[in-house]
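So the structure is just underneath, and the comments pick up after that.
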Amino acid sequence: MRAARTDQLVKDSVRCGPIHGGWLRSARPCPSPHSDLRPRGVALDLIVLHAISLPEGHYGTGHPEALFQGTLDLNAHESFASLKGVRVSAHLLIDRQGALTQFVPFHRRAWHAGASSWRGRTGCNDFSLGIELEGDVQTPFTWAQYGRLAAVLRQLHSVYHIPREHLACHSAIAPKRKADPGPYFSFDVLAQAEASL
């Protein structure tokens, strides 16, 4: 089945089972100002996996959410100085307990990929969805995160018809800049979680 095109995304997002108006019903809405319209007519056919923790290796701080909303207190930690003026977001964040937060509706372009390329196409933000996993490149992810990710992927595939194999790590689309989600992310464990649904 063909991937949903941008001019169809709004219609598909209005009311489609687990998704309403581009928002997952199962996610806590936390709207980000860091998004814009996708190019008209571009097919949505990639899901990008990321990892984030602020400060790195610290979980449950609420700082990633604040970063995506543009409200991060740069004085909260010395490492945050490099984030001054940074405007980024993702569509979804899955925390260590598997709780789900959504920042950008799926028919809008989140600013998660940066300079990137996938299968010869540049500008991955235009045609992708970004999912952040709370974590870092030195720590295994939790089973709760894999379980939630598997459920979310099933919902996204069913509504937007993104091919199952169109799932990429941030490091794969921006290899010279990014290493996340890192060596501790396992597609095998994800497959086990998907099989358990």
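The values are calculated or read from the model by the stated rules, or taken from the named source; none is laboratory data. Small disclaimer: the values here were computed from a predicted structure and weren't measured. Positions of Cβ are generated from backbone atoms using ideal geometry, with glycine treated the same way; all protein chains shown enter the neighbour counts.
Picking from V104, V86, which residue would you name as being at pLDDT 95 or above and farther than 30 Å from G147 by Cβ? Show your work before the answer.
Details: V104 fails: farther than 30 Å from G147 by Cβ.
V86 is the lone residue from the list that is at pLDDT 95 or above and farther than 30 Å from G147 by Cβ.
Could you check region 132-155 and list, in sequence order, the residues that are buried (at least 22 other Cβ atoms within 10 Å of the Cβ) and out of contact with any helix residue (DSSP H, G or I) (no Cβ under 6 Å at 6 or more places or on another chain)?
Residues satisfying the conditions are E132, E134, G135, F141, Q145, R148, L149, V152.
Residues in region 185-192: is at least one more than 20 Å from H58 (Cβ to Cβ) and not in a helix (DSSP H, G or I)?
Initially, region 185-192 is screened for residues more than 20 Å from H58 (Cβ to Cβ), giving 186-192.
Retained after the next criterion (residues that are not in a helix (DSSP H, G or I)): 186.
Looking through region 185-192, at least one residue is more than 20 Å from H58 (Cβ to Cβ) and not in a helix (DSSP H, G or I).
Which pairs do you get when a residue that is among the aromatic types (F, W, Y), found in region 110-126, comes within reach of a residue that is assigned to a loop (DSSP other than H, G, I, E, B) and modelled with pLDDT of 95 or more, reach meaning Cβ atoms under 8 angstrom, with the pair 6+ apart or on two chains?
W111/H34; W111/R87; W111/V88; W111/S89
Name the residue that is nearest to H20 (Cα to Cα), counting only residues in region 112-136 that are of a type in the set (A, V, I, L, M) and not in a strand (DSSP E or B). Outline the logic, then answer.
Step one: list which residues in region 112-136 are of a type in the set (A, V, I, L, M), which gives 113, 115, 129, 131, 133.
Of the ones still in play, those that are also not in a strand (DSSP E or B) are 113, 115.
Values: A113: 24, A115: 30 Å.
So, considering only residues that are of a type in the set (A, V, I, L, M) and not in a strand (DSSP E or B), the one nearest to H20 (Cα to Cα) is A113.
Restrict the check to region 137-154 and report whether at least one residue is in a loop (DSSP other than H, G, I, E, B), of a type in the set (S, T, Y) and under 23 Å from L67 (Cα atoms). Walk me through it before giving the result.
Going residue by residue through region 137-154, those that are in a loop (DSSP other than H, G, I, E, B) are 137-142.
So of that shortlist, the ones also of a type in the set (S, T, Y) come out as 139, 142.
Narrowing further to those that are under 23 Å from L67 (Cα atoms): 139, 142.
Yes, the conditions are met somewhere in region 137-154.
Within region 70-86, which residues are over 18 Å from G57 (Cα atoms) and surrounded by 13 or more Cβ atoms within 10 Å (Cβ to Cβ)?
Within region 70-86, G70, V86 qualify.
Residue check: is E165 without any contact (Cβ under 8 Å) to a residue 12 or more places away in the chain and over 29 Å from L197 (Cα atoms)? Walk me through it before giving the result.
Details: without any contact (Cβ under 8 Å) to a residue 12 or more places away in the chain: yes; over 29 Å from L197 (Cα atoms): no.
No: the conditions fail for E165.
Could you tell me how many of the residues in region 35-59 are at positive phi and surrounded by 12 or more Cβ atoms within 10 Å (Cβ to Cβ)? Explain how you work it out, then say what you get.
Step one: of region 35-59, the residues at positive phi are 41, 57.
After this cut, where a residue has to be surrounded by 12 or more Cβ atoms within 10 Å (Cβ to Cβ) as well, the list is none.
Count: 0.
If R96 satisfies every condition in (1) surrounded by fewer than 19 Cβ atoms within 10 Å (Cβ to Cβ); (2) over 30 Å from A195 (Cα atoms) but one, which is the exception?
Only one criterion is unmet by R96, namely (2).
Only one of (1) surrounded by fewer than 17 Cβ atoms within 10 Å (Cβ to Cβ); (2) over 16 Å from H112 (Cβ atoms) fails for R177. Which number is that?
(2)
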